[in-house]
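Colleague: Below is the structure I would like to discuss, written out as structure tokens.
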Amino acid sequence: MIESAIGVILAAGASTRMLPLSDAYPKPILPVCNKPLIQHQIELMRSLGIEEIVVLIGHRGFEITKALGDGRQLGVRLRYVEQRQMLGIAHAVGRLEQLIDRPFLLFLGDIFFETRDLSPMFQLFEDQGGGAVLACKDEDDPRAISRNFSVALDERGYVRRVIEKPRHARTRLKGVGLYLFDQSIFDAIRRTPRTAMRDEYEITDAIQVLIDDGEPVRAASVITGDVNLTSPADLLAVNFRQLALSGAGALIGAECRIHAGAKIENSVIGSHVTIREPITIRDSVIFSESHVTTRHPIDRTIVTPTTMVRCDLIELPGAAGNE
């Protein structure tokens, strides 16, 4: 394991497709089985021995700092940097150059990752003497690759090409938004042009600059599932997926007041939730501090203290996509 590696989480983005939830909640603190998404990422970093993490915040960033504080309760030290311009992932990473003096593990803060073990990334990184290692998933669905990026290897197993959102992926290796870099990525970012399509600085273009410069870049198939939280339906899907993996029929947080006649089926209930009526709650997520007073059943719905969002067109529990 790399000694003194630092963690970086990009948590600055806003999302119109997550409305109305994103009016009040930045995506990284949306709850996955009663923990903020970003807390799952921090705990994964901590399990690798990473104790110092930089979090790039933007949209409603104060909500993230309020939820996480300085990180001590999670066994880490958190530093926050505000991002004022949204010009792509590479631009965001480049802003952190003055804060990072060693290898760093980078997470995109709106993706839930499932992995058995990330340590092979560090072993590859040490074996090749730095450069970059890209966390990947062996993906059977070409549509999922077209929403992320494809990774092509040379005959030695090194990455020779990364293609952002390919229309016709020629490999089954999908990049997932989790990376291990050394400081050479900052040199590459400075020479990364804006893209013609999105007018942003893409991290995949910066990685390609690394490759073309002869820096070692390899892929590690360490991700078994990934869900990009883009819409409210994605939030339901990832909660159902984790609930199914746990084998539990429901998850109920602390200090809830639930009517004795209420039925909770395949749902996640946060802490300090009140359910006043003998209703059935099925395939739903209820945020902490919510007060449910309806007399009608709740089905495939996200309930917050201020709103209810129906998500009818989602897959059933356990079938949530790896996207």
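We did not get these values from a lab; they are worked out from the coordinates using the rules stated. Remember, it's a predicted structure, so these values are computed and weren't measured experimentally. Don't worry about glycine lacking a Cβ; one is built from the backbone with ideal geometry, like all the others, and counts go over all protein chains shown.
Colleague: Within the stretch 92-185, report the GluC sites (Glu not before Pro) that DSSP leaves as loop and that have at most 16 other Cβ atoms within 10 Å.
Modeller: Glu155
Colleague: With a ≥ b ≥ c the root eigenvalues of the C-alpha gyration tensor of the stretch 83-170, is it rounded (a/c under 1.5), prolate (a/b larger than b/c) or oblate?
Modeller: Here the stretch 83-170 falls in the oblate category.
Colleague: If we count other beta carbons within 10 Å of each Cβ, what is the order of Thr230, Thr304, fewest first?
Modeller: Thr230, Thr304
Colleague: What is the distance, in nm, between label points placed 7 Å from the Cα along the Cα-to-Cβ direction at Arg194 and at Glu155?
Modeller: 4.1
Colleague: Using only the Cα atoms of the stretch 6-228, build the gyration tensor, take square roots of its eigenvalues as a ≥ b ≥ c, and label the shape rounded, prolate or oblate: rounded if a/c is under 1.5, else prolate if a/b is larger than b/c, else oblate.
Modeller: rounded
Colleague: Based on alpha-carbon centroids, what's the gap between the stretch 246-265 and the stretch 21-62 in Å, whole number please?
Modeller: Taking the Cα centre of the stretch 21-62 as reference, the centre of the stretch 246-265 is 25 Å away.
Colleague: Can I ask one more? Which of rounded, prolate, oblate describes the stretch 46-111, given a ≥ b ≥ c as roots of the alpha-carbon gyration tensor eigenvalues and a/c under 1.5 marking rounded, otherwise prolate only if a/b is larger than b/c?
Modeller: Oblate, since a/c reaches 1.5 and b/c is not below a/b.
Colleague: What length, rounded to one decimal in nm, is gained on full extension from Ala248 through to Arg116, with 0.36 nm per residue of separation minus their alpha-carbon distance?
Modeller: 45.5 nm
Colleague: Could you let me know the centre-to-centre spacing of the stretch 87-159 and the stretch 273-309, using Cα atoms, in angstrom?
Modeller: 38
Colleague: Roughly what % antiparallel, to the nearest 5, for the DSSP beta bridges in the stretch 6-228?
Modeller: Roughly 55 percent of the DSSP beta bridges within the stretch 6-228 come out antiparallel.
Colleague: In the stretch 104-191, which trypsin sites (Lys or Arg not before Pro) are in a loop and have at most 10 other Cβ atoms within 10 Å, using DSSP for the loop call?
Modeller: Arg116, Arg156, Arg167
Colleague: If we sort 258-269, 277-288 on the protection proxy, mean other Cβ atoms within 10 Å, highest first, what's the order?
Modeller: 277-288, 258-269
Colleague: Can you give the charge dipole size of the chain about its Cα centre, rounded to the nearest 20 debye, using +1 on the beta carbon of Lys and Arg and -1 on the beta carbon of Asp and Glu?
Modeller: With Lys and Arg at +1 and Asp and Glu at -1, about 780 debye.
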